[in-house]
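Here's the structure we're looking at; comments come further down.
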Ligand SMILES: *Cc1c(COP(=O)(O)O)cnc(C)c1O
């Protein structure tokens, strides 16, 4: 959120380190701890040991810049290649697939959109004003990306059964359509879109299909291995051209790492930017950004190697157990319910009769950090391994606040869902 700051002058003299860090202690006094168990917004915590490995690996390479990977830091190129290979294996990619590490889901999506646009210039030459068809629930990063690369977004209005609507998407396909998107799962509801149907549309109409697995890419494969019902979402689905998966979410890396993976590595020519127009020689990157912190890349590699598939699977099992316990506790009470049958770790809590804004405000007062949902009005909990021990306390507070709202002791002051960075 915008902050006016306090020191408004760039002082002539520097500040000594001791005083500086004391000042930082004071400045951070109002912050939440990211790994507070009451943080149900975004605490991608996989265990103190995992966090320690992530920090150590990050710190080792915090000074290294991956843009000099080829000349100065072959280690970073190796980490990146191995992270990509492990992720392609996890997402069942065929021979010939490729990918790279970006700085986050937004950049993965930006590069997917840019790749689809340039692919479309070759494969959809009639699309003179190229369009992307998005489910209602797709992440706003697609609109951001479309603005940047000069494409138009056609966003669907409904999500029947809280999933993307392939029939509506098909009806929206026209001569300018280049790209279809589905999410596995989308952030708002945590319910995987009908990827197979949408990918079939992409194939039959000759379109680029991107699966946004930013939040689910490192979750759904392990759910599947645990025998939980997961609809097909990865490269096993014919017609899926690219997948984004965030390392810095359920990959548990340090902040600043995501993957963009392509079924056919030959399409990297549509993603890569190269220029030798300036006096310093060839400049060539797969990403929008130039410099990339080696720490984010190294920490991704270290955590994947440290945990192995078994480690990820155990943590997903913990998420499943926590989700189940919350749903059962709410079902026993009867006034609040989990929306649909989310496969994701992001679950929505809604009610037929109670004002969910008032309930959200009550939980805020009790120290919980929860996300909000506008359509329908609800709460959004992001369950991670951090929350294995909080179910009883969460249910007790949720039901106590529900009592207050039901009896009229609490009414909404009128806050709403905001994501302001
Ligand atoms: C988090 C998320 C994004 C954006 O990722 P950032 O890392 O915040 O840029 C995109 N799509 C989905 C489904 C997400 O959950």
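So in the range 88-135, with the set limited to residues that are farther than 15 Å from residue 270 by Cβ and free of Cβ contacts under 8 Å to residues at least 12 places away in the same chain, which one is farthest from the ligand (Cβ to nearest atom)? My answer is 95.
Scanning the range 240-270 for residues that are away from the ligand (no atom under 12 Å from the Cβ), in a loop (DSSP other than H, G, I, E, B) and surrounded by 21 or more Cβ atoms within 10 Å (Cβ to Cβ) yields 240, 241, 252, 254, 263. Mind checking whether some residue in the range 386-399 is more than 16 Å from residue 37 (Cβ to Cβ), at pLDDT 95 or above and in a helix (DSSP H, G or I)? Taking every residue of the range 386-399 in turn, at least one turns out to be more than 16 Å from residue 37 (Cβ to Cβ), at pLDDT 95 or above and in a helix (DSSP H, G or I). Scanning the range 271-298 for residues that are out of contact with any strand residue (DSSP E or B) (no Cβ under 9 Å at 6 or more places or on another chain) and either surrounded by fewer than 15 Cβ atoms within 10 Å (Cβ to Cβ) or at pLDDT below 95 (or both) gives 278, 279, 280, 281.
At least 3 residues being assigned by TED's automatic domain parsing to the domain that holds residue 233, in contact with a strand residue (DSSP E or B) (Cβ under 7 Å, 6 or more places away or on another chain) and more than 14 Å from the ligand (Cβ to nearest atom) is the threshold, and among the helices (runs of 4 or more DSSP H) wholly inside the range 136-219 those reaching it are 195-205. Scanning the range 328-347 for residues that are within 18 Å of residue 392 (Cα to Cα) and not in a loop (DSSP other than H, G, I, E, B) gives 328, 329, 330, 331, 332, 333, 336, 337, 338, 347.
Inspect all residues belonging to the range 79-87 and state whether any of them is touching a helix residue (DSSP H, G or I) at 6+ places or on another chain (Cβ under 9 Å), surrounded by fewer than 15 Cβ atoms within 10 Å (Cβ to Cβ) and in the same structural domain as residue 301 (by TED's automatic domain parsing). For the range 79-87, residues touching a helix residue (DSSP H, G or I) at 6+ places or on another chain (Cβ under 9 Å), surrounded by fewer than 15 Cβ atoms within 10 Å (Cβ to Cβ) and in the same structural domain as residue 301 (by TED's automatic domain parsing): present. The set of residues from the range 299-327 being within 20 Å of residue 258 (Cβ to Cβ) and either outside any helix (DSSP H, G or I) or touching a strand residue (DSSP E or B) at 6+ places or on another chain (Cβ under 9 Å) (or both) comprises just one member, 300.
The values are calculated or read from the model by the stated rules, or taken from the named source; none is laboratory data. Nothing here was measured: the structure is a model prediction, and the numbers come from that model. In this analysis, Cβ positions are derived from the backbone assuming ideal geometry, glycine residues included, and neighbour counts consider all displayed protein chains.
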